[in-house]
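Every number in this text was worked out from the coordinates using simple rules, so none of it is lab data. Model, not experiment: these values are computed from the prediction. Don't worry about glycine lacking a Cβ; one is built from the backbone with ideal geometry, like all the others, and counts go over all protein chains shown.
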Amino acid sequence: MSDEPEVVSERRENVLVLRINRPEARNALNAAVMAGVCAGIADYTGVDVTLGKTGYNPYRTSHFENIKPWTDAGLSEAAATNYLGAIKASLQNKNMVLDMRIPQTKRYEQDVLDTAVSQYLAKELDAAGAEQAIADGWNAITDEVGKDKQLAAYVASLGVQR
């Protein structure tokens, strides 16, 4: 038996590679392997949520329990605790709505929505103009991707079965 753990994780830029290391069992899955896979994914996403470029806020329990990725990214312990506390409180709010989990979410939210809101706040657009810019932008993306595909992705993200 190797001295390596049963699951070896490696980060290659933006890709997590998990390698099962149980040659004596032909890399068969068992509880320890599944736990190793889950731990590898949790560690990977724990770093990803600290990077602004991913567009994701913390969402896993482990993201709130381990502030080390946040302090490693440069936040003080107090700032990390405060930030994570605010996100956790919003997720526990009875009015919470999850981020959209459909293809092109970044374009919907960061390109169209953020641009229109910024233009509204800068008084470049009035409320009606901002609403129209958002509707036009979102409809253009939906038309490009396909309404049925977006609906199917959204329903799948909710775990709804029909």
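Shown for the chain is the translational diffusion coefficient from the Stokes-Einstein equation, using the Kirkwood radius over Cα pairs, a temperature of 4 °C and a viscosity of 1.567 mPa s: 67 µm²/s. The rule of thumb for compact globular proteins, 2.2 N^0.38 Å, goes into the C-alpha radius of gyration of segment 105-158 1.27 times. When +1 charges are put on Lys and Arg Cβ atoms and -1 charges on Asp and Glu Cβ atoms, the dipole computed for segment 105-158 relative to its Cα centre reaches about 180 debye. Look at where the Cα atoms of segment 27-99 and of segment 123-153 average out, and the two centres are 30 Å apart. Sorted on the mean count of surrounding Cβ atoms within 10 Å across their residues, most packed first, peptides 11-22, 115-126 read 115-126, 11-22. Looking at the chain as a GNM with Cα springs under 10 Å, which of G129, G40, G137 has the largest mean-square fluctuation? Maximum fluctuation in the GNM of the chain, among the listed residues, is at G129.
Considering only T105, A39, N27, the residue lying farthest towards the positive end of the dipole of the chain is N27, judged by Cα position with unit charges set on Cβ. The modelled label-to-label distance between D3 and L98, using points 7 Å beyond Cα along the C-beta direction, is 4.3 nm.
In whole percent, what relative contact order does the chain give with Cα contacts below 8 Å and a gap of six or more residues?
For the chain, the relative contact order is 12 percent.
Shown here are the Rg and Dmax of the Cα trace of segment 52-97, at 10.9, 32 Å. For the chain, the dipole from Cβ point charges (+1 on Lys and Arg, -1 on Asp and Glu) about the Cα centre works out to 440 debye, to the nearest 20.
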